[in-house]
Structure formats: structure tokens, C-alpha cells
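Below is one structure, written out as C-alpha cells; the observations come after it.
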Amino acid sequence: MTSAYCRAAVLRAARSMQRTITSASSSTAAQNIRYTSKPVSRNFSASLVYPDISVEHSYEQRRLPVTQFTEDEEMVRDAARHWANEVLRPLVRDMDNEGKTRPDVIHGLFDHGFMGMEIPEEYGGSEMNFTSACLVVEELSRVDPSVSILVDIHNTLTNNAVRFWGSKELKEKWLPRLASEAVSSFALSEAGSGTDAFALKTTATASSDGSYYTLNGEKLWISNSREAGVLLVFANVDPSLKHKGITAFMVDANTEGLHVGKPEKKLGLRASSTCPVVLDNVKVDAADVLGEVGLGYKYCINILNEGRIGIASQQIGIAKGCMDIAMPYLNERSQFGTKLADFQGMEHQYAQIATEIHAAELMTYNTCRMKENDIPFVKEASMAKLYASQVAEKAASKTIEWLGGIGFTQDLLAEKFYRDCKVGSIYEGTSNIQLQTIAKRIKDEYR
């Protein structure tokens, strides 16, 4: 907790540098910020000279692009990029073959503050914003999507659920651990409740004095479960109430009766554990109920809406990772005396992919800003996840084609990205569910 506290303090000190903040009274900090425009280098023509027109503009007059990040967001992104390339990249192939994330990698994620992105400093977190968390997910995914999904689920689902709806006691108990050493799992899915999540059969029976609950049931497809120190488990306290009986519990992974099964053998994300979790008379203190009894379904819906933005960030990272492999190869390899990147047919293809990646970025980070400004974002989150997963799949497929024979081998990580991206159209809401959500919102807008 001490190291995380110091790290957060250092980050905040760095953020304050080179900022100009006015003292004008306003209800929002954003309205107090003044930006100074600088001469812009334009490449339209070398013969054109543009004058220095440095002028101060108020925030209302000049709005920055969605993909123009703040200094602290850029710092976190760059730190994640550096760590991913220097520490994570050499281990990616071995972890994929072994089917597990190495403990030192998980320790590194905690040591660098990536596992407590939005957790307040008072609990040992990095106290950053949602955009920063998504930037970290993107940068890690650019190297290994298996590691990025561990970070994404931990930050956008479990951590935020505890921050939003946890009691003071629950926050004090779990947030310091979540920020410093305990990986978390989001235990919702079951054999008969995938897309129909609220058809879950796991039960939570209250004790006669109401001091604890006994959980029984089996969860399936639970990510991070092998490494988890805590699981956010959804169970029904009264099946007769249907979804209105669903309640969320923070369950210590070492609780008696909780058993994590053998990891699934998956197409992709092999270093990310996906296991069944059996709850056999697991006793959980009433104090470990997240929020209110019977409101678990509402918490689940709301937090998954946010989680979809994180998945979009992961998919963008995959698409960029593919370009990181493809473009150097296309610029180096020659056929018929010409670099592959210089053939017009190739230019059109990678230009198209780059354009689609940029479009996915705009959708995703615009949705981040909407969330941060308390603007309804459900439709936009579904659009971002839907489109980013399509772009990632297309980029991965095209990269293998561009690389030719070597792309079909394990000499490069292109084939891994191809395997890893497919689940983007499945988890945290299938593409069809995203389309259904988008359509519902559009119909409402036109009524």
C-alpha cells in the first residue's frame, strides 16, 4: 500500500507540471482550464508559410480532439507501453504455450499501479481516470491480450463495482487488496446462463440470524479464476423473485467450499485462465454483500456497460499490435525490386485498416469521455465494442495475408493475435447483443 501511495503522489505531482489553471469560479474544473494554441506545422505545401497566431482560448472556445490525451494519461500510457515491450514481450510466446500468466508478470502489474487505476489513493490505488485505465488495457493488449484481459476485468468490473456500490467497510476491506496484491474474478456465467445472464441458478441462503449467507452452485467460463484472490459472485437469495433476487458477494478465494476447476483449453487468450468455479456451502459474511440485497442484477448491467469500453480498448490494442508486426515487414521485404509497402494494392489495404483502427479509437475514447462526464453511454459502448472487435478480427486476418507464409507460422505473433481476437465478439455481450442494444436505443430516440 505504501508503494502504491507514493506512486500515486508522484503521478499527481507530474500531472501538475506545465498546466495553466485559471482561478475563475466555476462548477467544473474543466471550465477553469485555458489552453494556448501554438503554431501548427502543416504539410500541405512546403512553399506555404503560416504565421504565429498564438492566442489564448477558453475551454468553451477550443475543444481538444478526443484522442488528445492529458499529460497524466499520456504518462500512464507510455509507462504501460514501456513495461509491455521491455518486460512482457519476451514472455508472451512461452506463457501462451504454457497456458498461464507467470506470477512475476502479475506482480509487475501491481507494482506499476496498473491493477488499481481508479482506486483512490487513500486505499493505495493510482487514482487515475477511466480513460487512463483503458489506455493501459490497449497498450498491454498490443503485446499480449491475455494479460490485458486480466487487467481489464480487474479494473473495469470488480474494482469499479466495489468503488460504486460497496459499503465503507467493504471498501476498506477489499480496495487496498485489489490495489496491491489480490487479482479478482467476475463470477456471473453458468451453464444455463450465458447471454441470458439472469437465468443463473447459484443460490445464496441467509442464516437464521442474517449474519451470513451460504452459497451453492457452479460458475463457468470465469476469467482470472486460477489467479484470483477474490471473486465477485452473483447468486440468487430468493429464486421466486427471479432476477430481483440476484445479489452480489465479495468472496475470498480461500473460503472453505470454493473450488476452482481445471482451466479450459481455448483457441486464444491461453495465458488467461478460464475455469469453472464450484461453490459448495460457501459461507459469506453479510458484510461482504456488495451494495443492497436483490440489486445485483442492476449492478451487473451497469458495470458490464462500462466493461464493454474496456473490451473495445483491448480489441484496438490487438489491431495495433497487428500493424506493429505487419508494417515493418512490408517496409523491409522486397519482391520484383519493390518494397511490399510500395505496391499500390498493398497501400490501399493497410490504409483501409489504419482508417478503421482510427475510427474505432474515436468511438472508444469518445465513449470514455462520455462516461467520465456522466453522459449516457450505453449505446456508444455497444457500438465501440461491436466495431472494435470487427476491426481487430479484420486486421489480424489481413496481417497474416500480408506476411504470407511466415504469418501462418509461430515465428511471429500474428497468428496469436488472430486467435486472441475472436473472443472479442463473444464475451461481455456477443455482437448480436450489442446490435440489439444499439437498435433498442435507436428506436427509443425516434419515438
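A short reminder: the numbers here are calculations on the coordinates, not readings from a lab. Just so it is clear, the structure is predicted and the values come from calculations on it, not from any experiment. Virtual Cβ from ideal backbone geometry, glycine too; neighbours counted across all protein chains shown.
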For segment 357-447, just say rounded, prolate or oblate: build the C-alpha gyration tensor, square-root its eigenvalues into a ≥ b ≥ c, call rounded for a/c under 1.5, and beyond that prolate if a/b exceeds b/c, oblate if not. prolate
With x for Gly and Pro, the residue-by-residue ³J(HN,Hα) of segment 276-287, computed from phi through the Karplus equation 6.51 cos²θ - 1.76 cosθ + 1.60 at θ = phi - 60° and given in whole Hz, is x, 10, 9, 10, 10, 6, 7, 9, 10, 4, 4, 5
For the chain, with a Gaussian network of springs between Cα atoms less than 10 Å apart, report the residue from R333, R270, R89 with the top mean-square fluctuation. R333
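So for the chain, averaging the separation of alpha carbon pairs under 8 Å that are six or more residues apart and normalising by length, what relative contact order in percent results? List each step's numbers first, then the result.
Details: 801 pairs, mean separation 62.1, N = 447.
Reported as a whole number, the value is 14 percent.
About its Cα centre, how strong a charge dipole does the chain have in debye, to the nearest 20, once Lys and Arg get +1 and Asp and Glu get -1 at the Cβ? It would help to have the intermediate numbers written out before the result.
Working: 49 positive and 56 negative charges, 177 e Å.
Around 840 debye, computed over the chain.
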HN-Hα J couplings of segment 124-129 from phi, Karplus 6.51/-1.76/1.60, θ = phi - 60°, integer Hz, Gly and Pro as x? x, x, 8, 6, 9, 9
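By the gyration tensor of its Cα atoms, with a ≥ b ≥ c the square roots of the eigenvalues, what is the shape of segment 190-250: rounded for a/c under 1.5, prolate for a/b over b/c, or oblate? Please list the in-between numbers first.
Details: a/c = 2.48, a/b = 1.21, b/c = 2.05.
Cα axes put segment 190-250 in the oblate bin.
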Expected sort for 114-123, 141-150 on mean C-beta neighbours within 10 Å, highest first, is 141-150, 114-123
Spin-label model distance (nm) - N432 vs E256, 7 Å beyond Cα toward Cβ: 4.5
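Convex hull over the alpha-carbon atoms of segment 315-360: what's its volume per residue in Å³?
Working: hull volume 2.5 nm³, N = 46.
Dividing the Cα hull volume of segment 315-360 by its residue count gives 54 Å³.
Determine the alpha carbon to alpha carbon distance for each of K266/K385; K173/K416; K100/K394; K371/K443; K219/K416; K298/K320 and list only those over 30 Å.
Details: K266/K385 21 Å; K173/K416 38 Å; K100/K394 27 Å; K371/K443 22 Å; K219/K416 27 Å; K298/K320 34 Å.
Pairs exceeding 30 Å: K173/K416; K298/K320.
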Farthest toward the dipole's positive end in the chain, which of A312, F343, S132, given Cβ charges of +1 (Lys, Arg) and -1 (Asp, Glu) about the Cα centre? F343
Table column - 3J(HN,Hα) (Hz), segment 261-266, Karplus curve with 6.51, -1.76, 1.60, x for Gly and Pro: x, 6, x, 5, 8, 9
Grab the beta carbon distance between D374 and A199, set R0 = 30 Å, and tell me the FRET efficiency rounded to 0.05. 0.40
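When a/c is below 1.5 the answer is rounded, else prolate if a/b is larger than b/c, else oblate, so apply that to segment 110-195 with a ≥ b ≥ c taken from the square roots of the Cα gyration tensor eigenvalues. Could you put the intermediate results ahead of the total?
Values: a/c = 1.94, a/b = 1.07, b/c = 1.81.
In terms of gyration-tensor shape, oblate.
Expected output is a single nm value to one decimal: the length gained when fully extending between Q335 and S167, i.e. 0.36 nm times separation in residues minus the C-alpha distance. What is it? Walk me through the numbers on the way to the answer.
Details: separation 168, 0.36 × 168 = 60.48 nm, distance 6.42 nm.
Extra length from Q335 to S167 when fully extended: 54.1 nm.
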Tell me the label only: which of (i) 23, 54, 20, 2, 0; (ii) 17, 42, 30, 9, 1, 0; (iii) 24, 60, 15, 0 is P(r) over Cα pairs in 20 Å bins from 0, in percent as calculated from this structure? (i)
Residue among H107, F186, V66 farthest towards the positive dipole end of the chain, charges placed on Cβ: V66
Amide H neighbours of S189 under 5 Å, at least 5 residues apart or on other chains, H built in the peptide plane: list them. L220
Rounded to one decimal in nm, the spacing of the 7 Å Cα→Cβ label points at K244 and I442 is 3.3
Among all the aspartates and glutamates, which ones have a C-alpha under 20 Å from K440's C-alpha, if same-chain residues fewer than 8 places away are not counted? D196, E306, E380, E428
Choose one of L170, T156, S146: the residue whose Cα lies farthest towards the positive end of the charge dipole of segment 134-180 (beta-carbon charges +1 Lys, Arg; -1 Asp, Glu; about the Cα centre). L170
